[in-house]
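J.: Could you have a look at this structure, given as structure tokens, before my questions?
The values are calculated or read from the model by the stated rules, or taken from the named source; none is laboratory data. Being a predicted model, the structure only gives us computed values, none of them experimental. Every residue, glycine among them, receives a Cβ derived from its backbone with ideal geometry; neighbour counts consider all protein chains shown. Note: areas computed on protein heavy atoms with side chains; ligands, DNA, RNA excluded. Shrake-Rupley method; radii C 1.70, N 1.55, O 1.52, S 1.80 Å.
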Number of protein chains: 2
Amino acid sequence: VSPSIQSIDVRDVRFPLKGGAGSDAIHRDPVYSYAVTQLHSDAALDGIGLSFTLGAGNELVCQAIQALAKPLEHRSIEELMAGFGTVFHQIAEHPQLRWLGPHKGVVHLALASITNACFDLWAKSRGLPLWKLLLDLKPEQILALLDLSYLEDVLTARQAADLLAGEQGGRAARENILRRGYSAYDTSVGWFPYDDQKVKESVSRAIQEGFRAFKLKVGSPDKEHDLRRAFMLRDVVGPDMPIMLDANQQWSLPQAVRTGLDLAPMSPYWIEEPTHPDDVSAHQALARTLAPVRLAIGEHVPNRVVFKNFLESQAASVLQVDCTRVGGVSEFLTISLLARKFGVPVAPHAGDMGQIHQHLVLFNHIALGHPDIVLEYIPHLKDHFVYPANVTGGFYRTPEIPGASCDLK
Amino acid sequence: VSPSIQSIDVRDVRFPLKGGAGSDAIHRDPVYSYAVTQLHSDAALDGIGLSFTLGAGNELVCQAIQALAKPLEHRSIEELMAGFGTVFHQIAEHPQLRWLGPHKGVVHLALASITNACFDLWAKSRGLPLWKLLLDLKPEQILALLDLSYLEDVLTARQAADLLAGEQGGRAARENILRRGYSAYDTSVGWFPYDDQKVKESVSRAIQEGFRAFKLKVGSPDKEHDLRRAFMLRDVVGPDMPIMLDANQQWSLPQAVRTGLDLAPMSPYWIEEPTHPDDVSAHQALARTLAPVRLAIGEHVPNRVVFKNFLESQAASVLQVDCTRVGGVSEFLTISLLARKFGVPVAPHAGDMGQIHQHLVLFNHIALGHPDIVLEYIPHLKDHFVYPANVTGGFYRTPEIPGASCDLK
């Protein structure tokens, strides 16, 4: 018997960070926070969903969840998930709350949390880790989870089904990744306020732990500061290990061009969020100027429609879609399909600290044929999760616990 | 002596509408609502600012105002407005709340209300209607009101100053508009649920009242319904009067192409919001296909950066920026400057029922050289304003009361 949702609670949980962790050029005092949807079922199982914020305003997302989640009450989880694309669409198109977006900001963050809770409950009720549940679904069942509206010009339901079917052949080989685990990079060696000594120590420790790829924050008002740190890190790790540079939207386009050209000789793996995340045309111009250096974008891209615009404009070479910003697992899958169609890899931003995304990147690789690129490893909230992601030797070890790994202590 | 802001109140006011007024293809049960910022000054003057929503969620905007408006407390209004661009930037870049946007959704609607209250208090304290206050400012004083960040690639402060200076010559002639008033169109003859008889009666009455331009809602699931109504209205008003068709984002791009081509023979003045408001590339493709039929967009475009993308892509021929959605009067002026640079007219969406925009279109015409195109007339909340816009004979009569005309009863 499928569990039924009996009641819905919303929790506002906030975790202050220490010593400048989490800080970047734009977000200088983050308090990592979750707007948590809890779906209580009659099977003594709770579906837990997360959306991520930086503290202030988390309460607004919680209130929006309360307003939007009502249609889930007293629904059977199997019945809900058999047509979740329609449920998603109805919530996203709420005739009054839609005005606050559409499909962005507080209401869309709320939808992310609600959606993620549904997927978590579904996986728990089937006794499967989310990645396994998703891999077991037939193409038409995957499609029923998605809202492809406003994508008709580039991805019809038929095209999406064909894409899923076309990747069936290579699945068996790609399942090898389950044994080794998905590649991680260490996002915590080079936060914005860390001094050189701390960066060096952090990266040395990370290398000892098995990491082979690292993130460094840039976007200083002093360009020379960025350049010095970036070349220093390249010296420390040598010529081969990937270094991701992240400007967190700090630059104007002219600044991004100047600084990007100066950074290019240290061979960044990508340059992330160089300027305003709504500015597709600026990214397009910058991508052309900096090629072959790649641009990564997505942490602040709100929905599938804006991702479509980035893909159509060839303005981004890596999509960092985050299922705690776009409308949850459902829209993450939609955007991953879209990215696959355009041949662009997905390397999620991990507002969930990788807890949900460790499942989704396995699905993306095995079912969609996306490359095993990298998922960021960000351990700051490890102690707060019941089943924290197990990253060892530079890999996310394949999770085996049923659900989406979102349970908080 | 400049009044000083003593305390800040926020009000959540909602006005249910009757008989299907305000309804369109997407927003089926609107409750016209304002998140109202009230700046109480020591001069017994209140600055009133509005942002507009459709009811549910208005409380979220009110709460965001409360969180974001604190920096205004105990500031002198003249000192504040001498560098309002910096104030605007600081509020928009709040290091935690920015995560909920950036520059979109609930936090940006809140900024709109805050900004509009500052301009209202400033104009009241100088004893001038807002349009007159703005026209009296020197170019560098206008620039000090604006946040041009993220526009550096297309509009530097220097270029904006040159643009303002370059329009000085024609101002005297353009001031003639103050005597006649700015052109209005009637947005209320063809709401989505109105039957043919009601549309015909409404438009006949509007013509008797002096209107010469009308809006009709389209976006029905039944294309034939849209076509019948549009051609019927063309028959009723004859070949010369402008008819604006508004799909309120209802169509996919393929639907918009099909229906737009079928509607073209009734010569719409513009087709408004044909598809998702984030989809610049879809609008670009549609604009090319439907030319010379013009696309109008802006009611749901969140900020100057997205407007820049629409302008650069030639995806819109009319910008419907609304100072109750973008960050208030300040960002409205920024976007109007940007539009002028690209030679694209501004015809605001009137979430304020035209109360503030009646001032801003006069500034746009006289100081920026924008054409006198049309401002929508939407009378549903007339009885709730202390000084409702006076539209007679099809023109907004130039307001003479000090302030931005936002006082609610």
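J.: Look through A:H74, A:H89, A:H94 and report the one residue that is without any contact (Cβ under 8 Å) to a residue 40 or more places away in the chain, open to solvent by 10 Å² or more (accessible area, probe 1.4 Å) and closer than 25 Å to A:W122 by Cβ.
T.: Just a single option satisfies the conditions, and that option is A:H94.
J.: Could you tell me which of the residues B:A64, B:A56, B:A112 is small (G, A, S) and more than 7 Å from chain A (Cβ to nearest Cβ)?
T.: Result of the check over B:A64, B:A56, B:A112: B:A112.
J.: If I ask for residues that are among the charged types (D, E, K, R), open to solvent by 10 Å² or more (accessible area, probe 1.4 Å) and closer than 21 Å to B:V346 by Cα, which ones from segment B:261-284 would you list?
T.: B:D278
J.: Which residues, counting only those in segment B:264-284, are more than 14 Å from chain A (Cβ to nearest Cβ) and among the β-branched types (V, I, T)?
T.: B:I271 - this is the single residue of segment B:264-284 that is more than 14 Å from chain A (Cβ to nearest Cβ) and among the β-branched types (V, I, T).
Yes/no matrix, rows are residues, columns are (1) within 20 Å of the chain's Cα centre (by Cα); (2) part of a loop (DSSP other than H, G, I, E, B); (3) of a type outside the set (F, W, Y):
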{"position": "B:E201", "(1), (2), (3)": "no, no, yes"}
{"position": "B:G210", "(1), (2), (3)": "no, yes, yes"}
{"position": "B:D226", "(1), (2), (3)": "no, no, yes"}
{"position": "B:R229", "(1), (2), (3)": "no, no, yes"}
{"position": "B:L233", "(1), (2), (3)": "no, no, yes"}
{"position": "B:M244", "(1), (2), (3)": "yes, no, yes"}
{"position": "B:N248", "(1), (2), (3)": "yes, yes, yes"}
{"position": "B:Q255", "(1), (2), (3)": "no, no, yes"}
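J.: I'd like the residue in segment B:83-103 that is in a helix (DSSP H, G or I) and polar (S, T, N, Q) and, out of all such residues, is farthest from B:Q141 (Cα to Cα).
T.: The qualifying residue farthest from B:Q141 (Cα to Cα) is B:Q90.
J.: Now for a separate question. Six or more apart or on different chains, Cβ under 7 Å: which pairs go from a residue in segment A:32-43 that's at negative phi to one that's surrounded by fewer than 20 Cβ atoms within 10 Å (Cβ to Cβ) and at pLDDT below 95? Could you list them?
T.: Pairs that qualify, where the first residue is at negative phi and the partner is surrounded by fewer than 20 Cβ atoms within 10 Å (Cβ to Cβ) and at pLDDT below 95, are A:Y32/A:L17; A:Y32/A:H380.
J.: Filter segment A:210-224 for residues that are at pLDDT 95 or above, more than 17 Å from A:E272 (Cβ to Cβ) and either exposed (fewer than 15 other Cβ atoms within 10 Å of the Cβ) or in contact with an Asp or Glu (Cβ under 6 Å, 6 or more places away or on another chain) (or both) and give the result.
T.: Within segment A:210-224, A:G210, A:F211, A:E224 qualify.
J.: Is it the case that A:A296 is more than 14 Å from chain B (Cβ to nearest Cβ) and open to solvent by 10 Å² or more (accessible area, probe 1.4 Å)? Working first, answer last.
T.: On the way: more than 14 Å from chain B (Cβ to nearest Cβ): yes; open to solvent by 10 Å² or more (accessible area, probe 1.4 Å): no.
Considered against the rule, which asks whether it is more than 14 Å from chain B (Cβ to nearest Cβ) and open to solvent by 10 Å² or more (accessible area, probe 1.4 Å), A:A296 comes out as no.
J.: Here's something else I'd like to know. For segment A:91-144, give me the residue count where each residue is among the polar types (S, T, N, Q) and within 20 Å of the chain's Cα centre (by Cα).
T.: Matching residues across segment A:91-144 total 3.
J.: Could you list, in sequence order, the residues of segment B:270-305 that are among the basic types (K, R) and free of Cβ contacts under 8 Å to residues at least 24 places away in the same chain?
T.: Correct list: B:R288 only.
J.: To continue, here is another question. Residue by residue through segment A:29-71, note down the ones that are open to solvent by 30 Å² or more (accessible area, probe 1.4 Å), within 13 Å of A:D9 (Cα to Cα) and of a type outside the set (S, T, N, Q).
T.: Answer for segment A:29-71, where residues must be open to solvent by 30 Å² or more (accessible area, probe 1.4 Å), within 13 Å of A:D9 (Cα to Cα) and of a type outside the set (S, T, N, Q): A:H40, A:D46, A:A67, A:K70.
J.: Tally up the residues in segment A:317-348 that are open to solvent by 10 Å² or more (accessible area, probe 1.4 Å) and closer than 15 Å to A:I297 by Cβ, please. Give the derivation first.
T.: From segment A:317-348, those open to solvent by 10 Å² or more (accessible area, probe 1.4 Å) are A:317, A:325, A:340-345; that's our starting set.
Going one step further and asking which of them are closer than 15 Å to A:I297 by Cβ, we end up with A:317, A:325, A:342, A:344-345.
Residues in segment A:317-348 being open to solvent by 10 Å² or more (accessible area, probe 1.4 Å) and closer than 15 Å to A:I297 by Cβ: 5 in total.
J.: Here's something else I'd like to know. Which residues, counting only those in segment B:225-253, are open to solvent by less than 20 Å² (accessible area, probe 1.4 Å) and among the polar types (S, T, N, Q)?
T.: Of everything in segment B:225-253, those that are open to solvent by less than 20 Å² (accessible area, probe 1.4 Å) and among the polar types (S, T, N, Q) turn out to be B:N248, B:Q249, B:S252.
J.: Which is touching a Gly at 6+ places or on another chain (Cβ under 6 Å) and at pLDDT 95 or above, of B:S33, B:S41?
T.: B:S33
J.: Please specify each residue of segment A:305-358 satisfying the condition of being in contact with a His (Cβ under 8 Å, 6 or more places away or on another chain), within 14 Å of chain B (Cβ to nearest Cβ) and part of a helix (DSSP H, G or I).
T.: Listed by number, the residues that qualify are A:V305, A:F310.
J.: Got at least one residue in segment B:60-70 being in contact (Cβ under 8 Å) with a residue 24 or more places away in the chain and in a loop (DSSP other than H, G, I, E, B)?
T.: yes
J.: Which of the residues spanning segment B:374-409 are among the β-branched types (V, I, T) and either surrounded by 19 or more Cβ atoms within 10 Å (Cβ to Cβ) or not in a loop (DSSP other than H, G, I, E, B) (or both)? Don't jump to the end; show me each part of the working.
T.: We begin by selecting, within segment B:374-409, every residue among the β-branched types (V, I, T); these are B:374, B:378, B:386, B:391-392, B:398, B:401.
The answer is B:V374, B:I378, B:V391, B:T392.
J.: Follow-up question, since we're still on this one. Taking B:L135, is it under 30 Å from A:A35 (Cα atoms) and either within 14 Å of chain A (Cβ to nearest Cβ) or out of contact with any strand residue (DSSP E or B) (no Cβ under 7 Å at 6 or more places or on another chain) (or both)? I'd like the intermediate steps shown before the answer.
T.: On the way: under 30 Å from A:A35 (Cα atoms): no; either within 14 Å of chain A (Cβ to nearest Cβ) or out of contact with any strand residue (DSSP E or B) (no Cβ under 7 Å at 6 or more places or on another chain) (or both): yes.
Answer is no for this residue.
J.: Could you check segment A:33-44 and list, in sequence order, the residues that are part of a strand (DSSP E or B) and either in contact with a helix residue (DSSP H, G or I) (Cβ under 6 Å, 6 or more places away or on another chain) or away from every other protein chain (no Cβ under 14 Å) (or both)?
T.: Once the filter is applied, which keeps residues that are part of a strand (DSSP E or B) and either in contact with a helix residue (DSSP H, G or I) (Cβ under 6 Å, 6 or more places away or on another chain) or away from every other protein chain (no Cβ under 14 Å) (or both), segment A:33-44 yields A:S33, A:A35, A:V36, A:T37, A:Q38, A:L39, A:H40, A:S41.
J.: Could you list, ordered by first residue, the pairs with Cβ atoms under 7 Å in which the first is in segment B:1-30 and more than 14 Å from every other protein chain (Cβ to nearest Cβ) and the second is among the basic types (K, R), at least 6 apart or interchain?
T.: Between residues of segment B:1-30 that are more than 14 Å from every other protein chain (Cβ to nearest Cβ) and residues that are among the basic types (K, R), the close pairs are B:S4/B:R75; B:I5/B:R75.
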